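This report refers to the structure that appears directly beneath it.
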Amino acid sequence: MRRGEWVAVAENIDEVVDGLAGIVRDARRDGDRAGYFAALYRQVTVEVRGAIHEGRFDDGARMDRFDTFFGNRYFEAYDAWRRDRGGPRCWRETFGLLDDDRTVIVQHLILGVNAHINLDLAVAAARTSPGEDIRSLRRDFLLINDILASVVLAVEDSVGALSPLLSLLDTIGARTDEQILDFSVRRSREEAWHNAVLLAGQNEEQRAATIDRLDVRAAVLARLIARPGGLVQPALQLIRSTESDDVPANIAHLDRAMERPATAPAETAR
């Protein structure tokens, strides 16, 4: 792995985990809210790596390549933002809120998930298995839903400990088992699969246009997640007023989410 002023180019899934751990470590040191999503993402990647080692995927070597392409999409966006506030639109929307103290922890997490799934996931899948090879990736692609579900459940429990009034979103209907601030990870991953199939069959010019369209859509969703309407916004303000302000401690807490027992079994993917 090459790492500079936050340049991380991973060559395998182990280096993706190491790169994410480095971002988490730096974020804890600096009190940087980028560590919230990085902590979630690190734990997902560790679980995927474990599933590869356990032989749960049809093609473990292919999933290692897939996860490496996927991780490098995040590292490249993170580096572009740190370097000159550049990068894909949806990631600029996400990173642009890191210094906004009105944004609650769960929003930072969902913003990162939105950009990474609604843009990066399809790109990484199509690169891993171009052309007709994409069809053989589907089962392994969907298996990640189960892994993601277990991590999301654990992280939700951790967020609840840091945001005592987070349940207000349940009360007003903005947060349910399948929907948090109108964002469904399962639905987004299914859309990402269809977009991966589309990208896998396109030429370079067509792919560029499709990726640009996906970026625009994810950026629009990011704005909606950041500033939702109706009763959600005042509820978020109240949640934020009782949320922990200790960013380094919050990151450390989230980064240990998978070490704690979940409150219920993860039967369905979010």
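The values are calculated or read from the model by the stated rules, or taken from the named source; none is laboratory data. Keep in mind the model is a prediction, meaning the values are calculated, not measured. So basically every Cβ, Gly included, is an ideal-geometry build from the backbone, and we count neighbours across all protein chains shown. To get the accessible areas, we keep the full protein, side chains included, count just its heavy atoms, and leave off ligands, DNA and RNA. Shrake-Rupley method; radii C 1.70, N 1.55, O 1.52, S 1.80 Å.
Residues in segment 38-47 carry Karplus couplings, in order, of 4, 5, 4, 5, 4, 5, 4, 5, 4, 5 Hz; the curve used is 6.51 cos²θ - 1.76 cosθ + 1.60 with θ = phi - 60°, and Gly or Pro positions show x. Expressed as a whole percent, the accessible area of segment 12-104 that falls on carbon and sulfur atoms is 39 (1.4 Å probe).
The angle between the Cα long axis of helix 105-115 and the longest principal axis of the Cα atoms of the chain comes to about 20 degrees, rounded to the nearest 10. Take H253: with every protein chain present and a 1.4 Å probe, its accessible area is about 40 Å². Computed with a 1.4 Å probe over protein heavy atoms only, the accessible surface of segment 8-98 comes to 40 Å² per residue. Work out the charge dipole of segment 1-155 with +1 on the Cβ of Lys and Arg and -1 on the Cβ of Asp and Glu about the Cα centre, then indicate which of T94, V151, A125 is farthest towards its positive end. So the residue we want is T94. Couplings for segment 138-153, taken from phi via the Karplus curve 6.51 cos²θ - 1.76 cosθ + 1.60 with θ = phi - 60°, read 4, 4, 5, 4, 6, 4, 5, 4, 5, 5, 4, 4, 5, 6, 4, 4 Hz in order; Gly and Pro are left as x.
Sort 67-79, 92-104 for me by packing, meaning the mean count of neighbouring Cβ atoms within 10 Å per residue, highest on top. Write down the numbers at each step before the final one.
Numbers: 67-79: 21.9, 92-104: 17.5.
So the order, starting with the most tightly packed, is 67-79, 92-104.
Dipole size of the chain about its Cα centre, with +1 on Lys/Arg Cβ and -1 on Asp/Glu Cβ: approximately 420 debye, rounded to the nearest 20. With a cut-off of 10 Å between beta carbons, the residues surrounding L121 carry a summed charge of 0, where Lys and Arg count +1 and Asp and Glu -1. Between the Cα long axis of helix 185-200 and the first principal axis of the chain there is an angle of about 30°, rounded to the nearest 10. Amide H contacts of V9: R2, each under 5 Å away and 5 or more positions distant or on a separate chain (H built 1.01 Å from N in the peptide plane; Pro and chain starts excluded).
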